[in-house]
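Peer 1: Structure incoming, see below.
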Amino acid sequence: MNAVYESPFSARYASKEMLYIFSPDMKFSTWRRLWVSLAKAEMALGLPITAEQVAEMEAHIDDIDYETARRREKEVRHDVMAHVYTFGKAAPGAAGIIHLGATSAYVGDNTDIIQLREGLRLVQKKLAAVLDRLAGFADEHKAQPTLGFTHFQPAQLTTVGKRATLWMNELMMDLEEVGGRIDSLRLLGSKGTTGTQASFVELFDGDDRKIREMERMIAADFGFAGVVPVSGQTYSRKVDAQVLATLAGIAQSASKFATDLRLLQHLKEIEEPFEAHQIGSSAMPYKRNPMRSERICALARYVICDSLNPAFTAATQWFERTLDDSANKRISVPEAFLAVDAILNIMLNVASGLVVYPKVIHQRVMNELPFMATENIMMSAVKRGGDRQELHERIRTHSMAAGRRIKEEGLENDLIDRIVADPMFGLTREEIMGELDPQRYIGRCPAQVEEFLTEYVRPRIAPLLGGEDMSVEITL
């Protein structure tokens, strides 16, 4: 039997890398690394801690006895003190100096910040990989005309590649924001129970210089530029709100991308990958449902809603700290990362295997192009001596008639036939068809794509790509 609920994020969606970042092993080994860093700094600054004690702690960072910690927490009802006790059992010679001067937030909040940074770094790398795949797609199809839509109504032409740059531009905005979030993160440091560092004032006999140096040393150990300048017991919960707002931004961009793909798949112009033995419907064997894109939209909706959690938490904190944040952030923050990780995994899979149907795209272009070419046709007739106002009215009448024929009778567009037959225009079929080259209506699309990729995208993603294989196998 399988009688215990299992989160879909663990079983189906998120990568092992993101699951590790928010795993107990990552969390509690980081607690121990923080305790080691604190002890090393305190020793260097003159407190009675020995190198042997530090070495003993370092030797037991990863061998965590979870059963002992569980039993101790059940007894004392305090997770940090349960792990202080468990670490002391593993390193008995250092038991008396573990967590010296610190409060629970020292390990809890500093670990949270480290997890936020590592999660954002993984998101950043995957965003760059998605952009790399889409860049190849945009470049390949930069000059392929396709019908543009406004209000999902036929508009002027664009190109398949230019449309892809619209998705990429929003993802680039997200990439810039992720980078900014990573750069802005600071450790909480060692601030004490209400942020006053009173315990360290006592330990260091009021030496402010040593207290500040201790925090600098701890931040340097973990690769941070510094610690927050002031705090209560915890770092400001606005940090969580800001980070999840960034993740929600990625979800918004991803949902736009996936929604467009769902519409394009309906139009039979572009499809997401479809595996050889994949079943689209249990009842309709012919179906090719865009299930990857639908899952992106579903998970994106979850992240966007989830981002409200830390926003409300930040808004309702009391004075120097309250504990109604803990249970909420323990769920909302990791799951936002796991969901965005899953979204990017699927996007990477989709962007690596998009299927384009040029003939369908061309047919739709040619069905609508006669309407779009009417301005050019009219100008050609004016050059032959026609009256612009009379021609405008005549071409409007023909366009309305052709539109009724398409919509009411289900027949093909005969606008060109009507214009050829109208002596007011004085144009041959060959002359009119010369105005129907789709390449004449795509503006600067190919150049725009090249400029965007060369000047904006590739220079920014190149340092993030690395050499590893970023292909992913997703569970459908």
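The values are calculated or read from the model by the stated rules, or taken from the named source; none is laboratory data. None of these values were measured; they are calculated from a predicted model. For neighbour counting, all protein chains shown are included, and Cβ atoms are generated from backbone atoms with ideal geometry for every residue, glycine included.
Peer 1: For residues that are part of a helix (DSSP H, G or I), buried (at least 17 other Cβ atoms within 10 Å of the Cβ) and not polar (S, T, N, Q), scanning just region 347-361, find the one that is nearest to the chain's Cα centre (by Cα).
Peer 2: Met347
Peer 1: If you go through region 413-439 one residue at a time, how many are touching a residue at least 24 places away in the same chain (Cβ under 8 Å) and either surrounded by 13 or more Cβ atoms within 10 Å (Cβ to Cβ) or in contact with a helix residue (DSSP H, G or I) (Cβ under 8 Å, 6 or more places away or on another chain) (or both)?
Peer 2: Total satisfying the criteria: 14.
Peer 1: Would you mind stating whether Glu430 is at pLDDT 90 or above, outside any loop (DSSP other than H, G, I, E, B) and not polar (S, T, N, Q)?
Peer 2: Taking the combined requirement at face value, the residue does not satisfy it.
Peer 1: Take the residues in region 226-237 that are among the hydrophobic types (A, V, I, L, M, F, W, C) and in contact (Cβ under 8 Å) with a residue 40 or more places away in the chain, then tell me which one is surrounded by the most Cβ atoms within 10 Å (Cβ to Cβ).
Peer 2: Residue satisfying both the conditions and the ranking: Val227.
Peer 1: Please give the number of the condition Gln156 fails out of (1) modelled with pLDDT of 95 or more; (2) surrounded by fewer than 20 Cβ atoms within 10 Å (Cβ to Cβ); (3) in contact with a Phe, Trp or Tyr (Cβ under 7 Å, 6 or more places away or on another chain).
Peer 2: (1)
Peer 1: Looking at (1) within 30 Å of Val356 (Cβ to Cβ); (2) acidic (Asp, Glu); (3) crowded, with 21+ Cβ neighbours inside 10 Å, which is the one condition that is false for Asp240?
Peer 2: Checking Asp240 against (1) within 30 Å of Val356 (Cβ to Cβ); (2) acidic (Asp, Glu); (3) crowded, with 21+ Cβ neighbours inside 10 Å, the one that fails is (1).
Peer 1: If you take the residues of region 314-331 that are acidic (Asp, Glu) and surrounded by 14 or more Cβ atoms within 10 Å (Cβ to Cβ), which of them is farthest from the chain's Cα centre (by Cα)?
Peer 2: Top of the filtered list is Glu320.
Peer 1: Hey, among Ala105, Ala91, which residue is of a type in the set (A, V, I, L, M) and free of Cβ contacts under 8 Å to residues at least 60 places away in the same chain?
Peer 2: Result of the check over Ala105, Ala91: Ala91.
Peer 1: Could you tell me whether region 28-50 includes any residue that is under 28 Å from Leu344 (Cβ atoms) and under 25 Å from the mean Cα position of the chain (by Cα)?
Peer 2: no
Peer 1: When the residues of region 1-27 are narrowed to those that are more than 18 Å from the chain's Cα centre (by Cα) and among the hydrophobic types (A, V, I, L, M, F, W, C), which ends up modelled with the lowest pLDDT?
Peer 2: Selected residue: Met1.
Peer 1: Those residues that are in a loop (DSSP other than H, G, I, E, B), over 22 Å from Gln156 (Cβ atoms) and acidic (Asp, Glu), I need them from region 375-413; list them, please.
Peer 2: Result: Asp387, single match.
Peer 1: Of everything in region 147-205, what is in a helix (DSSP H, G or I) and among the small types (Gly, Ala, Ser)? Give them in sequence order.
Peer 2: Matches in region 147-205: Gly161, Ala164, Gly179, Gly180, Ser184, Ala198, Ser199.
Peer 1: Do we find that Met43 is assigned to a helix (DSSP H, G or I) and surrounded by fewer than 19 Cβ atoms within 10 Å (Cβ to Cβ) in this structure?
Peer 2: So Met43 fits the description; yes.
Peer 1: Residues to consider are Phe222, Phe204; find the one that is out of contact with any Phe, Trp or Tyr (no Cβ under 7 Å at 6 or more places or on another chain), over 23 Å from Asp325 (Cβ atoms), surrounded by 15 or more Cβ atoms within 10 Å (Cβ to Cβ) and not polar (S, T, N, Q).
Peer 2: Result of the check over Phe222, Phe204: Phe204.
Peer 1: Scan region 1-29 and report the pairs whose first residue is more than 24 Å from Gly108 (Cα to Cα) and whose second residue is among the small types (Gly, Ala, Ser) and modelled with pLDDT of 95 or more, with Cβ atoms within less than 6 Å and a gap of 6+ or a chain change.
Peer 2: Tyr13/Ala342
Peer 1: So how many residues does region 293-313 have that are under 13 Å from the mean Cα position of the chain (by Cα), surrounded by fewer than 24 Cβ atoms within 10 Å (Cβ to Cβ) and of a type in the set (Val, Ile, Thr)?
Peer 2: Qualifying residue count, region 293-313: 1.
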